[in-house]
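A short worksheet on the structure shown next.
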Amino acid sequence: MAVVVVTDSAAGLSADLVAELGIEVVPLHVLVGEREIREGVDPIEIDYTADSVTTSAASPGELREAYERALSHSGGDGVVAVHLSRLLSATWESGRQAVRDMGAEDRVRVVDSLGAGLATGLPVLAAARRAVAGAALDAVYERAVSAATRSRTFILVNRTEQLRKGGRLSSAAAFFGSELVTKPLLQLVEGKLEMREKVRTRSRAYTKLVAAAVEAAAADGAALGIQHLGAPEAAEDIAAQLREQLPDVQELYVAEFGPALGVHLGIGALGVAVLPGGCT
């Protein structure tokens with residue numbers, strides 16, 4: 001058999017990639033009033049501006065079920081679970097609790113991707129490809145950790161108010177983002193969302209976003225992930241600019257942010273995840 005890689009629905013991977021690489025995906029939860037909806041499983045329509053919409057992590061019980069199922073599918077070869085940043089969600093800690101409850105520390109490894117969205121998804125792809133190639137548990141785990149450590153994420157939002165309310169951004173950073181500039185450009189640093197630059201116009205913000213991604217990619221054939229919420233044309237424009245400026249890019253994905261992230265980022269958000277060296 002082979003090591004199985006598990007992630008959460010915030011990773012932003014397409015159904016085709018998940019099926020191709022045998023990745024197990026655990027849904028996060030979106031709370032709309034009193035309704036609890038499983039991302040990627042239950043049909044959902046969201047008013048992203050409503051105060052009544054929140055999110056919650058996967059529970060230890062849900063993750064335990066997924067890990068046990070993946071462990072069975074691996075034939076005992078083991079499981080590597082790669083989840084969104086522990087500083088943005090309780091999912092990583094729930095995963096650690098699930099492993100302790102299973103008594104499976106030697107067979108199930110939990111990795112903090114230090115990112116969210118495709119910044120989690122790209123390290124998942126790197127680990128899953130290593131697993132499909134027949135690598136042992138330690139090698140798949142080390143690949144996931146290495147990719148997570150090297151990945152970079154840049155996010156452009158219209159306002160930081162939703163991030164501040166959800167506790168994903170400090171009050172000081174939210175103030176500087178929403179009060180003094182039109183378009184805050186953020187970045188994930190060691191799993192924490194921070195202000196990168198204060199930009200006054202949308203066009204200038206796009207330029208800064210592309211420049212940050214190009215700088216992070218260097219010249220070694222990076223993998224890129226572009227995500228958006230309700231801004232497909234802008235995402236395709238960013239993708240085109242990155243293809244032009246990074247001709248050696250190994251692979252590039254364009255996807256929409258799922259609701260578990262969209263609730264915090266707001267309509268119009270754009271993000272670029274960069275994995276130097278790629279996912280192969």
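Could you tell me which residue of the range 112-130 is most open to solvent (accessible area, probe 1.4 Å), considering only residues that are under 18 Å from SER74 (Cα atoms) and touching a helix residue (DSSP H, G or I) at 6+ places or on another chain (Cβ under 6 Å)?
Narrowing the range 112-130 to residues under 18 Å from SER74 (Cα atoms): 124-130.
From what's left, touching a helix residue (DSSP H, G or I) at 6+ places or on another chain (Cβ under 6 Å): 124, 126-128, 130.
Details: VAL124: 0, ALA126: 1, ALA127: 0, ALA128: 2, ARG130: 93 Å².
Checking each candidate, the answer is ARG130.
Taking into account only those residues within the range 190-207 that are in contact (Cβ under 8 Å) with a residue 24 or more places away in the chain and basic (Lys, Arg), which is surrounded by the most Cβ atoms within 10 Å (Cβ to Cβ)?
Residue satisfying both the conditions and the ranking: ARG196.
The values are calculated or read from the model by the stated rules, or taken from the named source; none is laboratory data. What you see is a predicted model, and the numbers here were worked out from it, not measured in a lab. Because the Cβ atoms are built from the backbone with ideal geometry, glycine has one as well, and the counts that use them run over all protein chains shown. Surface accessibility is based on the protein's heavy atoms, side chains included, excluding ligands, DNA and RNA. Shrake-Rupley method; radii C 1.70, N 1.55, O 1.52, S 1.80 Å.
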